[in-house]
Each structure stands twice: as structure tokens, then as C-alpha cells.
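Reviewing the structure listed below.
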Number of protein chains: 2
Amino acid sequence: MGQGAGGGPQPRGGATLAQVAARVGVSLNTVSRAIRAPHTLRPELLGRIAAALDELNYVPNRIAGSLAGTRSALVGVVVSSLFHSEFAAVVEALQTGLLARDFQVMLGHSHYDPAREAGAVRALLGWRPAAMALVGIDHHRDVSRMLGEAGIPVVQMWDVGGEAIDSAVGMDHVAIGRAQAEHLLARGYRHVAVVGSLRPHDARAHKRCRGVAQALAAAGLGEPALATSAEPGDPDLGGRLVAELLARHPEVDGIACNSDAVAYGVLRALRARGRRVPDDVGVVGFGDAEASACLVPALTSVRPPRAAIGRLTAEIILARLEGAGPRQLEVAWDILVRDSTARGSTVSAPI
Amino acid sequence: MGQGAGGGPQPRGGATLAQVAARVGVSLNTVSRAIRAPHTLRPELLGRIAAALDELNYVPNRIAGSLAGTRSALVGVVVSSLFHSEFAAVVEALQTGLLARDFQVMLGHSHYDPAREAGAVRALLGWRPAAMALVGIDHHRDVSRMLGEAGIPVVQMWDVGGEAIDSAVGMDHVAIGRAQAEHLLARGYRHVAVVGSLRPHDARAHKRCRGVAQALAAAGLGEPALATSAEPGDPDLGGRLVAELLARHPEVDGIACNSDAVAYGVLRALRARGRRVPDDVGVVGFGDAEASACLVPALTSVRPPRAAIGRLTAEIILARLEGAGPRQLEVAWDILVRDSTARGSTVSAPI
DNA sequence: TTGAAAGCGCTACCAA
DNA sequence: TTGGTAGCGCTTTCAA
């Protein structure tokens, strides 16, 4: 209270097309065309309009443009989480690809919860996006229904193998789990366990887990020992889970982790318990986080092609918008073999 | 070609308010009020409208709402980069705070480039956001001008101490640099260097660097040795810079890194060269990344209150929008002391 | 090459 | 408690 006008700043918006038109002395839609189809105007007029546009710092109102135009310039993107940065690089590559064609990305988070995912999808759909991209291939039926009814291109990222709503770009997570286990077996580890965060609705994590079991079965071994939790996967969780695992299954000598962050904690806890890596125990991660090559021992991990997934998603969206059909792509990943599984490459039978 | 209709999916949008109204047999704006002010309708009518809304899967068109309404429901956010996840936690906390009040976040990236930052700000302003938040306090003058003219609340995050456009929530980066150096000196390291990515327009990094120099000067020591680069800060860069540093300044025994990722590479390179940490060299990072506590030796680092910065930014934006005045907050950070600087806590003079 | 007019789907205000 | 009406700033026809 007092003499001030009170209240926050008054949004002034910028100049409107009509104001620019009035200043130049032409009609509103001549200015509009000066922006969208400059070649249809006399150069002289175009020059005067450009000058006015510049002078008034005209910034096109995309809200108005979207409402009036036939297509929106927004793409909705739903990721599980940005926090653990699993998907930050995917989003960045996607946004870069889209921005080049003047599409804005709108981000939503599911926090690994189907209800929140549905909420995020609904909220984004309210902005009438031209397309949507989301992490995962298995969704709550409300999500599939809403997305199907929206009648826009939808790209499901990161996973493949489920029933795609429209298009998909991802990895075969069962194969990844299998590869984790096969790598451990090839290095001579026989008692393989799975450690990590396994949220009820994180289908990818469950698939990798299943892949590990498949590989063990194929090798004539029993079920993998499991130490999982629905908590977010961080080093502390890894430490707690491995402690619990070793108490129950002291024979474990190979650990497939559901994320590198968890693997960091696993390595630390093994060290604290005097278990040598890779001599006594082999550890393989998932995600190839930035620090993984700098740990001691350096962590063997699965590297997902994050930037490629983001880039391909952008490409598919743009192509779909121009009339191309849906596509489903499986992208390749690889295992970066480092010291944490460097016990030797021949299968040595236990004494 | 072929028999198909060709073309991508036809965006069908959802049902409109008018369609719902027609179905119930009331006027369009009665339905609008059923959504925004339900208590002003007869319960019976409200029930019928709710049923129709549900049956037609009505999703309000936020584009139309923003254009017609007095205020937009968007907040623009510009970060330097998501990729190195420096700001992912800030954005997530900010988005959570805003979403609770039904504001959508629109993200832009500057990639540590003033021109791209200006481009991102301009692009976001086109959506007529209700407010903007951006990383950094020192901006290209075009950015300050555009933001000032927009007449909306603007919160500058992460840094403080410059001339704020409107509001700010951040840390004193000079003090952080000073603290890094003082910590090293307190642990008995005498020849302190700065290693890391120093992009021309990353004012925060420059301030931390200046802080280190100040602390050395205050202790009667000379300028810090510098090994910096404009490349993105990752472990490989850290490794290369420290190799170059030790070639030029073999006497260095304390290293202040501009990010934890760089520090990871520094630790690895020191190990490869047979320099023991913390005995021969002390290393302190910035950012407290997830892996830092799991390295060997565990990395001493400065921990920024990322979630708090995001949350406070959301609070300030919401308050500003309700008429509160601008605020400038400096938030506290701390140094997590770990093994990489654990040489002892008394200053021991070199022999 | 330019202008006029009709909406896009909604909110805000007024009248009933 | 409800309905009518005038825009928001632009794109998109169509006519001049």
C-alpha cells in the first residue's frame, strides 16, 4: 500500500500486427504476409514494413497464431524424470531437432507414476500440440486413448516391443538385460544377481530384469538373486541393496545393476566389505553415466544412444507432420567393457 | 500414392465448449462457468454438464483460453544446458512448484551463448508467458531490454550480485571460489590452481575463478595457475587440462575445479601420473554430482541448493503475479568435505 | 499486389 | 442463476 500502483508488472505484450500496420499505413494482413511470404510484396513496401517491425520490436504472438492457424507449433514431451538426468540428453537432442523447424517443446514429468503420466498428457494435450513424444511403450489405457483420440503423431521413445500407439524409437530392454548377464557369464561369474530400483510401472527396468533371467536360464543356471526396491535409484540405495543381497546370498559373484547410479553405491559397498571388484565380484551398470569411466574400478556399462533417440524422434515427428507414415525403429546400444568386469575373458569353472 | 488418404493423422482436437453446450442444451458460457466457477450453477445442471464433459472427453483448449483471458498460463525458462544436468534439478523443482498452480513451463537453452540465449528469450516471449526465469544474472543487453519491455516478472537464477532485471535467487559465486581456495589452504595445500571449462560468457565460472584468486591474494600467495578451456566441462577435458597444468606448474598441490565432471577426470589423470590424492594433491569440485561421494578418493565439492533455488523461483513468480514486489535472494551453499582434500586440517608450512 | 471479412475457442462483461 | 455479445491477435480465404 502507499503511493505505488501496487500489483506486479503489467504485462504489456509487444506491438500487434495491427499497430505495425497502422504505422506503415497498410492493412494488417499485408504485414502478416510480409512476415510469412515476403516475396509476395513490393520490395519497397517490404522495406518499410521491415523497418516498422524492427522499430516496434514486434514479436509475433504465437498464441494467436496457433489459434488462428491450422497447425500448432508445439510438441509435447513427457519423460519419467529429468532429475536423475536419464533423459536430459534425449530431450536436449529432441528439442534441438524441433527448434530448427520452429517447434517449441513443452515438457511434462510422469515421475514413474501412470496417474501422473496421464495427468501430464492431459495437461499437454490442452495446448493442442502438433505432436507428442513420451518415454516408454507401455502406458495406462487412459494415456493410449487420449493420445489415439488426439489424432496427432505420437512417438514413444526409449523402449520398443510393445504395441506402439503410432511411432516408436527405442531399445530392446530384454536384450539389454540378456547382454548384461551374458557378459558376466562370459567373464566367468556364475552367481548373477540383479540390483537396483524397480518401480512398479517402470516397464523397461522389468524387461532388463527378465533379460537377465533369460540368459541365466539359457546357460542352465537358476533364477537370478534379486535385490530391488521401488525407491529412486541412487548410490545409497545400491549400497543398502547390496548389503542385503550379500547377507542372503553370499555366493553372488556377478551383479547387473539397473542404473549406473546404483552401481556406484554397489561398488562402494563391496569395497567397504572387502569384496574385490572385479576379482571377487563383477559389476555391470546401465546408462553409461558421465562418471562411470572415472570410478575405480571403472564401471562396465550399457550405453544407450541418447542423442540419436532424441534426434530420430524429432525426425519422425517432422516427417509424420508432412504426411509420412508411422515408423518403429529399434536403435542399437553397446556395452562399454571396463575394469569392473575385467576378470578375464574365458569361462573358468569354479574349483 | 496408393489408396490411402495419405498425409499424417488429422489433428482432431477435442470437443469444444460449444459442442458440450449444444449437447446439454445450455449456452456456451454456462459450460465455461461450470468449469471455472462451479458454485455459480444449480447442482442439477452442474451434474449434467459434468457428465457431458466427461462423455466427450473435453480437454480445455489452453491456447484459446490464453488468447481470450487476461493472463497466460505459461512460464518461460531458459537454462544454459540440460545436457550436463547442472540445472535439471532446478528445472524440475521449478516446474513442480508452478504446476501446482496450473502453470506450464516452456524450456529454452542458451548453450552458454549470448546470441542463442537472446534467441531463446525471443522465442519464448512469442508465447506471451506470464513470467520468465533464466540462469545467470549478467545478460546480453538485448535480453535485458526484451525482458524489461515485456513487463512481466523475471527471475534470474543461480547467480546473484549483478544488476537484477527484476528478481533473483542465487549464490555468490565469488564467495564459492574463495571458499574452495580457503579450504585447500586450510588443509595445507599451498600451490593452488584452477582447472575447468571457462566459457567466455559463463559469468558464474569466471566469478568462482576470481574468488580463488582473491583468497590466494589474501593469504599472501600469488595468482593461481590456470588451466582452462572453452570446451564443455567433462572428465576428458579435466584429464587433458591437468596434464598440461602439471607440465607447466609441477609444483601445484591444490586444484579447484569448475565442475565435478572435470574433477573426475582430474582425479583419474593424477592417479595415472602417480600423484596421490589427497597426500600429494588436494582436489575440490563444484556442483556435488551424484557420483562424487562414490569416487576413490571421494570428491570434496561445493553443494548448491538446486531444489531450493527452483522452489524459491516458483514462489517468487507466483507472488509477483499476485502483486508482491521484486525480491533478490542469496541462498546458502556448503562444502561437503570428503577424502580428496583430507590431508589434515592444520596448515603445515612446506619444509 | 493489396485489402476486407470471417473465424479459431475461449473469457469477460453485461443484461436478462 | 443463466445467456448474449464483444473481442483476444492472428491466419485464411476471397474479392478488389
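Of the residues making up the stretch B:104-117, those that are over 15 Å from the mean Cα position of the chain (by Cα) and within 11 Å of chain A (Cβ to nearest Cβ) are B:Gln104, B:Arg116. What pairs can you find where one residue is in the stretch A:291-305 and more than 23 Å from A:Leu185 (Cβ to Cβ), the other is open to solvent by 10 Å² or more (accessible area, probe 1.4 Å) and among the basic types (Lys, Arg), and their Cβ atoms are less than 6 Å apart, with a gap of 6+ or different chains? Once the first residue is more than 23 Å from A:Leu185 (Cβ to Cβ) and sits in the stretch A:291-305, its partners that are open to solvent by 10 Å² or more (accessible area, probe 1.4 Å) and among the basic types (Lys, Arg) give A:Cys294/B:Arg268. Give the stretch A:234-257 a look and list any residue that's crowded, with 24+ Cβ neighbours inside 10 Å, farther than 20 Å from A:Gln214 by Cα and among the small types (Gly, Ala, Ser), or say none. Once the filter is applied, which keeps residues that are crowded, with 24+ Cβ neighbours inside 10 Å, farther than 20 Å from A:Gln214 by Cα and among the small types (Gly, Ala, Ser), the stretch A:234-257 yields only A:Gly238.
When you check B:Gly65 against the structure, is it open to solvent by 10 Å² or more (accessible area, probe 1.4 Å), more than 10 Å from DNA strand D (Cβ to nearest atom) and either farther than 19 Å from A:Ser66 by Cβ or without any contact (Cβ under 8 Å) to a residue 24 or more places away in the chain (or both), yes or no? Spelling it out, it is not the case that B:Gly65 is open to solvent by 10 Å² or more (accessible area, probe 1.4 Å), more than 10 Å from DNA strand D (Cβ to nearest atom) and either farther than 19 Å from A:Ser66 by Cβ or without any contact (Cβ under 8 Å) to a residue 24 or more places away in the chain (or both). Yes or no: the stretch A:166-178 includes at least one residue that is within 14 Å of another protein chain (Cβ to nearest Cβ) and over 26 Å from A:Ala298 (Cβ atoms). Yes, the conditions are met somewhere in the stretch A:166-178. The criterion of at least 2 residues that are within 17 Å of the chain's Cα centre (by Cα) and more than 18 Å from A:Val266 (Cα to Cα) is met, among strands (runs of 3 or more DSSP E) falling completely within the stretch A:151-243, by A:154-159, A:167-171.
If I filter the stretch A:25-41 for residues that are assigned to a loop (DSSP other than H, G, I, E, B), within 11 Å of another protein chain (Cβ to nearest Cβ) and either in contact (Cβ under 8 Å) with a residue 60 or more places away in the chain or not charged (D, E, K, R) (or both), do I get at least one hit? Scanning the stretch A:25-41, I find no residue that is assigned to a loop (DSSP other than H, G, I, E, B), within 11 Å of another protein chain (Cβ to nearest Cβ) and either in contact (Cβ under 8 Å) with a residue 60 or more places away in the chain or not charged (D, E, K, R) (or both), so the answer is no.
For B:Gly151, the conditions (1) open to solvent by 20 Å² or more (accessible area, probe 1.4 Å); (2) free of Cβ contacts under 8 Å to residues at least 24 places away in the same chain all hold with the exception of (1). Name every residue in the stretch B:74-103 that is under 19 Å from A:Leu94 (Cα atoms) and more than 7 Å from chain A (Cβ to nearest Cβ), in order of residue number. Listed by number, the residues that qualify are B:Gly76, B:Val77, B:Val78, B:Val79, B:Ser80, B:Ser81, B:His84, B:Glu86, B:Phe87. Filter the stretch B:68-87 down to the residues that are more than 18 Å from A:Val121 (Cα to Cα), surrounded by fewer than 22 Cβ atoms within 10 Å (Cβ to Cβ), within 16 Å of DNA strand D (Cβ to nearest atom) and not β-branched (Val, Ile, Thr) and list them by number. Matches in the stretch B:68-87: B:Ala68, B:Gly69, B:Arg71. Among the numbered conditions (1) within 14 Å of DNA strand D (Cβ to nearest atom); (2) at pLDDT 90 or above, the only one that B:Pro11 does not meet is (2).
Residue count for the stretch A:278-290 under the criterion of being within 14 Å of chain B (Cβ to nearest Cβ) and part of a loop (DSSP other than H, G, I, E, B): the result is 3. Taken over the stretch A:291-311, the criterion of being open to solvent by less than 40 Å² (accessible area, probe 1.4 Å) and part of a loop (DSSP other than H, G, I, E, B) is satisfied by A:Leu295, A:Pro297, A:Ala298, A:Leu299, A:Pro304, A:Pro305. Would you please name the residue that is farthest from the other protein chains (Cβ to nearest Cβ), looking only at residues in the stretch B:263-277 that are small (Gly, Ala, Ser) and surrounded by 24 or more Cβ atoms within 10 Å (Cβ to Cβ)? Among them, the one singled out is B:Ala263.
Scan the stretch B:118-137 for residues that are farther than 20 Å from A:Val75 by Cβ and in contact (Cβ under 8 Å) with a residue 60 or more places away in the chain and the total you get is 5.
Looking only at residues in the stretch B:16-31 that are surrounded by fewer than 17 Cβ atoms within 10 Å (Cβ to Cβ) and at pLDDT 90 or above, which one is nearest to DNA strand C (Cβ to nearest atom)? Residue satisfying both the conditions and the ranking: B:Thr16. If the requirement is being over 14 Å from B:Arg187 (Cα atoms) and either polar (S, T, N, Q) or surrounded by fewer than 24 Cβ atoms within 10 Å (Cβ to Cβ) (or both), which of these qualifies: B:Asp288, B:Asp280, B:Asp260? So the residue among B:Asp288, B:Asp280, B:Asp260 that is over 14 Å from B:Arg187 (Cα atoms) and either polar (S, T, N, Q) or surrounded by fewer than 24 Cβ atoms within 10 Å (Cβ to Cβ) (or both) is B:Asp288.
Picking from residues in the stretch B:32-57 that are open to solvent by 90 Å² or more (accessible area, probe 1.4 Å) and farther than 24 Å from A:Trp127 by Cα, the one that is nearest to DNA strand D (Cβ to nearest atom) is B:Arg42. For the stretch B:214-233, a residue qualifies if it is in contact with a strand residue (DSSP E or B) (Cβ under 8 Å, 6 or more places away or on another chain) and either open to solvent by 70 Å² or more (accessible area, probe 1.4 Å) or within 14 Å of chain A (Cβ to nearest Cβ) (or both), and the qualifying residues are B:Leu226, B:Glu231, B:Pro232, B:Gly233.
Among the criteria (1) modelled with pLDDT of 95 or more; (2) more than 9 Å from every other protein chain (Cβ to nearest Cβ), the one A:Arg141 does not fulfil is (1).
The values are calculated or read from the model by the stated rules, or taken from the named source; none is laboratory data. Since we're looking at a predicted model, the values are computed, not measured. Cβ sites come from the backbone with ideal geometry, for glycine too, and all protein chains shown count toward neighbours. We work out accessible area using only protein heavy atoms, side chains counted, and drop any ligands, DNA or RNA first. Shrake-Rupley method; radii C 1.70, N 1.55, O 1.52, S 1.80 Å.
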